[in-house]
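Notes follow the structure.
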Amino acid sequence: MSAIDGQGREDLFFGWAGDDEETPASEKEWVLGFLDLAESHGIEVMVTDYCRTPWKVDSSYSWSAARGFVSFAADRRDLDDIPPYPAEPWQVNADPVSNLAGAHNFLYLINDQGFESADEFVGTLDETDYDMFVIDLFCCGGQLGPEQVAELATKPGGGSRIVLCYMSIGEAEDYRWYWNPSWETNPPSWLGPENPDWPGNYLVEYWDPGWQGIIYGSPDSYLDRIVAAGFDGVYLDKIDSFEEY
């Protein structure tokens with residue numbers, strides 16, 4: 001556990017069965033046991049719920065805060081917008097934030113379809129008062145650069161904030177720069193079946209050196225690109241792919 005600073009969890013209180021639906025108590029309590037254990041060992045829990053009804057959004061934030069979790073109530077499963085409610089981030093503050101424990105809120109926005117350009121994307125997010133961002137390395141057809149990431153790292157009032165980069169390590173995505181069109185007919189040995197819930201995402205044998213070489217270990221690898229862009233850290237997705245084997 002000392003290798004990580006945080007633990008992400010989606011649909012803890014809302015969204016497990018459907019958007020804007022409360023997660024069943026049995027599922028919620030089972031997961032909370034693991035999350036409370038993480039918090040007790042100094043691992044900060046980042047919750048993403050899927051809800052839009054105001055009282056559910058309020059409940060999502062307050063229930064997470066009561067357990068010491070930092071959270072985000074996403075109004076859209078695609079994570080492609082800044083929710084209109086609440087009008088400002090939960091427990092908004094001007095304090096500088098340098099670690100996960102100091103964050104009171106965060107914005108999880110990894111789909112750029114609502115933006116015309118990377119400059120618009122960066123400018124829009126930069127005007128908000130979130131303590132932390134989880135965003136993608138790529139935006140509007142290009143890769144974010146160090147200057148853009150540095151701009152996002154400062155709140156409007158001058159305080160610092162954390163900028164994390166999303167990276168899926170348990171699935172290959174056919175819209176990434178590393179994707180080879182020939183894989184559709186002649187896939188590498190480590191490439192598995194397509195995710196029926198997310199077209200274009202493919203299970204990988206994450207222990208295979210071929211896949212690992214894409215993720216890290218060279219200047220052109222995914223992780224090295226993220227580090228070079230100046231992100232504060234990485235938000236890893238599909239870490240539960242082991243359940244498929």
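Mind checking which of F14, I162, S241 is farthest towards the positive end of the chain's charge dipole, using Cβ charges of +1 (Lys, Arg) and -1 (Asp, Glu) about the Cα centre? Going by the Cα projections, it comes out as I162. Taking the fewest neighbouring Cβ atoms within 10 Å as the starting point, the ordered list for K28, K155 is K28, K155.
The amide H of S168, built 1.01 Å from its N in the peptide plane, has D237 as neighbours under 5 Å, considering only residues 5 or more places off or on other chains.
Build a GNM of the chain with springs between Cα atoms under 10 Å apart, and of G68, G213, G230 the one that fluctuates most is G213.
Give me the lysines in straight-line cross-link reach of K28: C-alpha distance below 28 Å, same-chain residues under 8 apart excluded. Cα-Cα hits under 28 Å: K56, K238. Which whole-angstrom value gives the distance between the alpha carbon centres of the stretch 202-217 and the stretch 36-89? First find each Cα centre; the distance between them is then 31 Å. Of the residues L152, G42, A103, the one whose Cα sits farthest towards the positive end of the charge dipole of the stretch 41-156 is G42 (charges of +1 on Lys and Arg Cβ, -1 on Asp and Glu Cβ, taken about the Cα centre). Summing Cβ point charges (Lys, Arg +1; Asp, Glu -1) relative to the Cα centre of the chain gives a dipole of roughly 480 debye.
Backbone phi angles across the stretch 125-130, fed through the Karplus curve with coefficients 6.51, -1.76 and 1.60 (θ = phi - 60°), yield HN-Hα couplings of 5, 4, 7, 8, 10, 5 Hz in residue order; Gly and Pro are listed as x. Comparing R161, R52, R176 in a Gaussian network model of the chain where C-alpha atoms under 10 Å apart are linked, the largest mean-square fluctuation is found at R176. Putting +1 on Lys and Arg Cβ atoms and -1 on Asp and Glu Cβ atoms, find which of V31, C140, V122 reaches farthest to the positive end of the dipole of the stretch 1-145. Toward the positive end, the furthest listed residue is V31.
With neighbour counts taken as other beta-carbon atoms within 10 Å, the residues W207, W179, W90 rank, fewest first, as W207, W179, W90. Put in line by how crowded their Cβ is, counting other Cβ atoms within 10 Å and starting with the fewest, H104, H41 read H41, H104. When the chain is treated as a Gaussian network with alpha carbon springs shorter than 10 Å, the biggest mean-square fluctuation among P188, P196, P54 belongs to P196. Under the convention that each Lys and Arg Cβ holds +1 and each Asp and Glu Cβ holds -1, the size of the dipole of the stretch 119-241 around its Cα centre is about 260 debye.
What is the antiparallel percent of DSSP beta bridges lying wholly in the chain, to the nearest 5? Counting DSSP beta bridges with both partners in the chain, the antiparallel share is about 30 percent.
Dipole magnitude for the stretch 1-62: computed about the Cα centre from +1 point charges on Lys and Arg Cβ and -1 point charges on Asp and Glu Cβ, it is near 40 debye. Rg/Rh for the stretch 119-201 stands at 1.10; both radii use Cα atoms, and Rh follows the Kirkwood definition. Annotation: amide H-H contacts under 5 Å for F133 (H modelled 1.01 Å from N, sequence separation of 5 or more, or interchain): L107, I162, V163, L164. A simple spin-label model places the labels of N111 and A3 3.1 nm from each other, with each point 7 Å out along Cα-to-Cβ. Sparsely packed loop sites in the stretch 122-199 (the GluC sites (Glu not before Pro) outside DSSP H, G, I, E and B with at most 11 other Cβ atoms within 10 Å) comprise E127.
The numbers here are math on the coordinates, done by the rules we state, and not lab data. Please read all numbers here as calculations on a predicted model, not as lab measurements. Here Cβ is always computed from backbone atoms with ideal geometry, including for glycine, and neighbour counts include all displayed protein chains.
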